[in-house]
Structure formats: C-alpha cells, structure tokens
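The values are calculated or read from the model by the stated rules, or taken from the named source; none is laboratory data. Remember, it's a predicted structure, so these values are computed and weren't measured experimentally. With ideal geometry, Cβ positions are generated from the backbone for all residues, glycine too; neighbour counts draw on all protein chains shown. Note: accessible area is taken over every heavy atom of the protein model, side chains too, but ligands, DNA and RNA are not part of it. Shrake-Rupley method; radii C 1.70, N 1.55, O 1.52, S 1.80 Å.
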Amino acid sequence: MIDKFLTDEQDPKAVEKVYLRLADLLTTGEEIYYIAVQKKPLVNLLPDCIALTNKRILFFTAANLGLSIKFVDFVWKDIIDVFTKEEIIGAIFSVKTTNGAEMGVDYLPKVQARKLYQYAQERKEAEREARRLRDLEEKRAESGAVQFEPPVAYAASQPIAQPAPVIHEEPVATIPKPDELTEKLKKLRTLFDNGLISQEEYNSKKLELLNDL
C-alpha cells in the first residue's frame, strides 16, 4: 500500500507512520501525491516528513520520543511560493504562505526535494488557474446582478399624413378688355371726322355695328 511512496529511497518506517496518520486526516476527495523523508547525517532516528496531497501540504514532526507525530498543514490556496535549495549534504525544501509564515525541512535527499518542488509547482499552477476561473465567475455574477431598465416598447405608428400646403393665390386684378364695339365706333367716328367717309357711310356702318349686338 505504501510501496508507491518508497520509489526515491524513503525510510519505510517513517513513511508508514505518516501514511497511517494521513489516513485519519484526509478529507473527501483528497489524495496523497508524494511523501518525502528527512535523512540526517549520522543519526536519523526521528526524521521529519513532508506529504503533498491534491488539497494541501503537511509537515510532520515526531513527538514524545517518537511515540506520536504532530503536523502543520497549509492548503494550496494559502501558499504563495515554494523553495528548494540543494546543499552539500541533502537539500532544503520550504514554503511561504500568504500570511507570511514559513515552514521547511532540511537534509532531504536531493531527488526527494526536487520531486516535492515539482509537485508543489504543479499544484500552485492548478490553484492559480482555479483562482482565475473563480475570479471570472465572480465578475460575471457581479455583472449579472446589475439591474437594467427594460427597454420601452414603442408601437409602430403609421406615418402621419401632412396636410397639403394651402396656397393662397393673390387675386389678380383683371383688366377689362376694351369694348370692341366702342372701339369700332370710335374709329368709325374718327374716319367721319377726318372726312374720309361721308355722313351716309358713317350712318350705314354704324347701323351695321349696332345690329351685331
């Protein structure tokens, strides 16, 4: 059962203790990814351990002369950075949280420290993406909460026929045509006065004009 956590020369007894303790700590859907075990030079009776799950990182320390084990855990969303530093003997792995707390373990086998760093970075990236998606959802929710006045529906109205412009025509003063009969009589009189026609011709022509009425 713990064989998959012994691939990088972890101490089997230490891994077993951590695994049994984790069995009581895992929440629904939580899975163990990796367990790293401290390897101090010379004496390594009560090594510290680090366990990574898909939800958090846990630091285990032996207590009561190895009779019990205590732990400190941090959920991934509270971890802002992870560090690893390789030294002559082993490596150091540490984390920094959003509230400024720092926690680490030294004398880790270098291969185990690298695996911790790799898995931690992957979880950080996944958490960063999940945070980005949550922020987007919150922004969408806030946008959807804004109330807008419904558009006013206007009934399609028929175009109003404009009344035809009234053209006021100024009355044109009619100039009465001169009476043709009067004109002819005047001409006839002029002819008679000038001696161009006789009295009889005048009277005869005048009678004809009057008969035309």
In Hz, Karplus ³J(HN,Hα) per residue of the range 21-35 (6.51, -1.76, 1.60; θ = phi - 60°; x = Gly, Pro): 5, 5, 4, 8, 9, 5, 8, 4, x, 8, 10, 7, 9, 7, 10
Hits among lysines - C-alpha to C-alpha of Lys187 under 25 Å, sequence gap 8 or more where chains match: Lys177, Lys205, Lys206
Pair Tyr202, Lys184: separation of 7 Å Cα→Cβ label points (nm): 1.9
Fraction of accessible area attributable to carbon and sulfur, the range 17-98 (%, probe 1.4 Å): 58
Trypsin sites (Lys or Arg not before Pro) restricted to DSSP loop in the range 12-82 with at most 14 other C-beta within 10 Å: none
Reachable lysines, given that their alpha-carbon falls under 28 Å from the alpha-carbon of Lys39 and they are not under 8 places away in the same chain: Lys4, Lys13, Lys17, Lys55, Lys70, Lys85, Lys96, Lys110, Lys115, Lys124
Relative contact order (percent, whole number), the range 1-97, Cα cutoff 8 Å, 6+ residue spacing: 17
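Does the range 22-114 come out rounded, prolate or oblate by the C-alpha gyration tensor, with a ≥ b ≥ c the root eigenvalues, rounded set by a/c under 1.5 and, if not, prolate when a/b is larger than b/c and oblate if not? Intermediate values should be presented prior to the final figure.
On the way: a/c = 1.75, a/b = 1.19, b/c = 1.47.
Oblate, since a/c reaches 1.5 and b/c is not below a/b.
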For the range 47-101: rounded, prolate or oblate by the Cα gyration tensor [a/c cutoff 1.5]: oblate
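Can you tell me the order of 104-112, 202-210 when each peptide is scored by its average per-residue count of other Cβ atoms within 10 angstrom, highest first?
Per-residue mean Cβ counts within 10 Å order the peptides as 104-112, 202-210.
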